[in-house]
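Visitor: Below is the structure I would like to discuss, written out as C-alpha cells.
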Amino acid sequence: MAEHDDFSTEAIHSGQIDDPFGAAVSPLYDSTTFSFADTEALLEVVGGRKQAAFYSRYGMNPSITSLEQRLAALDKAESALAFGSGMAAISSLCLAFGRGGIICFGEIYGGTMVFLQQQAALLGITTRFVASDDDADFVSALGQGASLVFMETPANPTLKVSDIEKTARLSHQHGARLAVDNTFATPINQQPLSLGADFALQSATKYLGGHSDLTAGVVAGKDREITELNEWRKSLGQAIAPEVAHKLKRSLVTLPLRVERHNKNAETLAAFLHQHPLIEKVYYPGLETSENHELATRQMRGFGGMLSFDLKGSATAARQFADRLTLMKLAPSLGGAETLITQPVTSSHYGLPKALLDKAGISDRMIRLSVGLEAVDDLIADLEQALRATA
Ligand SMILES: Cc1ncc(COP(=O)(O)O)c(C=O)c1O
C-alpha cells in the first residue's frame with residue numbers, strides 16, 4: 001500500500017478474509033479444527049506445501065492468520081504472530097532467541113523482568129541489565145556474549161526514550177538481535193523495524209485492543225525468524241484464541257484514529273500540568289523542555305498517550321490527589337478509551353527499595369496517566385478539582 005505515514009487503509013482493509021458469502025467484514029471462525037476432502041489434501045498442509053486452515057492452537061485458523069496479516073501491515077513487517085498475551089509473546093521470543101544470553105537495555109516492564117530473573121534464569125538463560133544511557137557498559141555486555149537485546153521505548157513510567165537505530169547497530173555489530181517492546185508507542189507512533197530492530201512486539205492488551213476488554217500480544221519481524229518463533233508458540237500453546245483474534249482485528253480498524261486522539265489529549269494535559277504551580281515535573285517526550293524531546297522527534301511520529309508527573313509536597317498528598325480524581329479511574333494497565341491513573345509506588349514498583357526507585361527516577365509523588373479519549377476539558381477539570389483539594 002501507499003508509502004505514507006497514514007495507516008488507516010491498512011487498519012481497515014489488510015487481512016480481509018475472502019468470504020464465500022461476500023461478508024463485508026471478516027467473519028469469526030471459532031472452529032478448533034478444519035476438515036479436508038481427502039488424505040492428499042490433508043498431506044499438502046501437513047507437509048507444509050500449502051498454507052491453509054488446520055488447527056487453531058497452531059495459529060492455523062483464518063481469524064488468527066487474517067489478524068496477523070493486518071498486524072504485519074501495521075508494522076511494515078514480513079510476518080507477525082499473535083499470542084494469548086503480551087507476556088506469552090515476550091516469553092516465547094526470549095526462549096526462541098535469547099538462549100545465548102539476553103541484555104535488557106534500560107527500563108523494561110516488570111513482568112518481563114520477573115520472567116527473565118526467575119523462570120528464564122532457571123532454564124540457564126542469563127540476563128544482564130544495562131542503563132540505556134551508558135554505551136560503554138552496553139558494548140561491554142555485548143562483548144561478554146548475547147543473542148538478544150531487549151528494549152522498551154518510551155519506557156514505563158518515566159517515558160524515557162532510547163535510540164532504536166543506534167541500539168540496533170551496536171547489537172548487530174556483536175551478532176545479537178534487537179527486540180523492541182513498542183507497547184507504549186504502537187506502530188502508529190513508532191516503527192521499530194524500519195529503525196533497524198529485528199522484532200517489534202507489543203502487549204495488544206493495551207492500545208491495539210484499545211477498549212480494556214481483551215488480552216493479547218504480538219511479535220512482528222522477518223519471515224524466517226517468525227517461522228522459527230511459531231514453533232515455540234505452537235509447542236507452548238501460546239497462540240491467541242480465534243474469538244479474541246476477531247475482536248482484536250476489529251479494534252485495529254480504529255487504531256490510527258484512536259492513537260491520534262490519545263496523542264492530542266496527552267499533549268494538552270502535559271502542557272496543562274507543565275505550567276501548574278503544584279506540579280514539580282512532567283515526564284512527556286512531546287514537551288519541548290523534555291530531555292527526550294529531540295530523540296523522540298527523530299524516531300517517533302507522535303508522542304503517545306502516556307505521561308507521568310511528580311506532584312510537589314508529600315507522598316501522602318500525592319496519594320490523596322489520586323484518590324480525589326473522579327472521572328479518571330485508579331487502575332493498572334493502559335491504552336483504553338478511559339483515562340486511567342496509577343502511582344508506580346503502589347502498583348508496578350510496589351515494595352521496591354528506595355535506592356532502586358531513586359536509580360529508576362521514580363518518586364513516591366509520581367503519578368502515571370494513561371490518557372484516554374474523553375473530552376480533554378473534562379480531564380483538565382478533574383485534574384484541577386483534585387489539585388485544588390490537595391493544595
Ligand atoms: C510495556 C509492556 N509490555 C508488556 C506487557 C505485558 O502484557 P500483557 O499484560 O498483555 O501480558 C505490559 C503489561 O502491562 C506492558 O506494559
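The values are calculated or read from the model by the stated rules, or taken from the named source; none is laboratory data. All of these numbers come straight from a predicted model, not from anything done at the bench. For neighbour counting, all protein chains shown are included, and Cβ atoms are generated from backbone atoms with ideal geometry for every residue, glycine included.
Visitor: Could you go through region 152-160 and let me know if any residue there is away from the ligand (no atom under 16 Å from the Cβ) and in contact with a Gly (Cβ under 9 Å, 6 or more places away or on another chain).
Guide: no
Visitor: Restricted to region 331-365, and to residues that are aliphatic (A, V, I, L, M) and within 16 Å of the ligand (Cβ to nearest atom), which residue is nearest to Gly86 (Cα to Cα)?
Guide: So, considering only residues that are aliphatic (A, V, I, L, M) and within 16 Å of the ligand (Cβ to nearest atom), the one nearest to Gly86 (Cα to Cα) is Leu334.
Visitor: Please work out which one of (1) of a type outside the set (Lys, Arg); (2) assigned to a helix (DSSP H, G or I); (3) closer than 20 Å to Thr215 by Cβ; (4) touching a helix residue (DSSP H, G or I) at 6+ places or on another chain (Cβ under 6 Å) is the condition Ala89 fails and give its number.
Guide: Among (1) of a type outside the set (Lys, Arg); (2) assigned to a helix (DSSP H, G or I); (3) closer than 20 Å to Thr215 by Cβ; (4) touching a helix residue (DSSP H, G or I) at 6+ places or on another chain (Cβ under 6 Å), Ala89 violates only (4).
Visitor: On to the next question. Of the numbered conditions (1) within 20 Å of Glu294 (Cβ to Cβ); (2) touching a Pro at 6+ places or on another chain (Cβ under 9 Å), Gln202 satisfies every one except a single condition; which is it?
Guide: Just one mismatch for Gln202, condition (1).
Visitor: To continue, here is another question. Looking only at region 108-142, how many residues end up being surrounded by fewer than 16 Cβ atoms within 10 Å (Cβ to Cβ) and outside any helix (DSSP H, G or I)?
Guide: Residues that pass the stated criteria total 5.
Visitor: Could I ask something else about it? State which residue pairs qualify: first residue assigned by TED's automatic domain parsing to the domain that holds Gly143 and inside region 172-187, second residue charged (D, E, K, R) and within 16 Å of the ligand (Cβ to nearest atom) in any location, beta carbons under 6 Å apart, and separation of 6 or more residues or different chains.
Guide: Asp181/Glu152; Thr183/Lys206; Pro187/Asp75
Visitor: Having 2 or more residues that are over 16 Å from Leu273 (Cα atoms) and in contact (Cβ under 8 Å) with a residue 24 or more places away in the chain is the bar; report the helices (runs of 4 or more DSSP H) wholly within region 305-391 that clear it.
Guide: Helices (runs of 4 or more DSSP H) meeting the threshold: 315-324.
Visitor: How many of the residues in region 183-239 are away from the ligand (no atom under 15 Å from the Cβ) and among the β-branched types (Val, Ile, Thr)?
Guide: Result for region 183-239: 3.
Visitor: If we scan region 267-284, do we find a residue that is within 21 Å of Ala155 (Cα to Cα), assigned to a loop (DSSP other than H, G, I, E, B) and assigned by TED's automatic domain parsing to the domain that holds Asp378?
Guide: The answer is yes; a qualifying residue exists.
Visitor: In region 292-316, what residues are under 12 Å from Ile367 (Cα atoms) and surrounded by 16 or more Cβ atoms within 10 Å (Cβ to Cβ)?
Guide: Met306, Leu307, Ser308, Phe309, Asp310, Leu311
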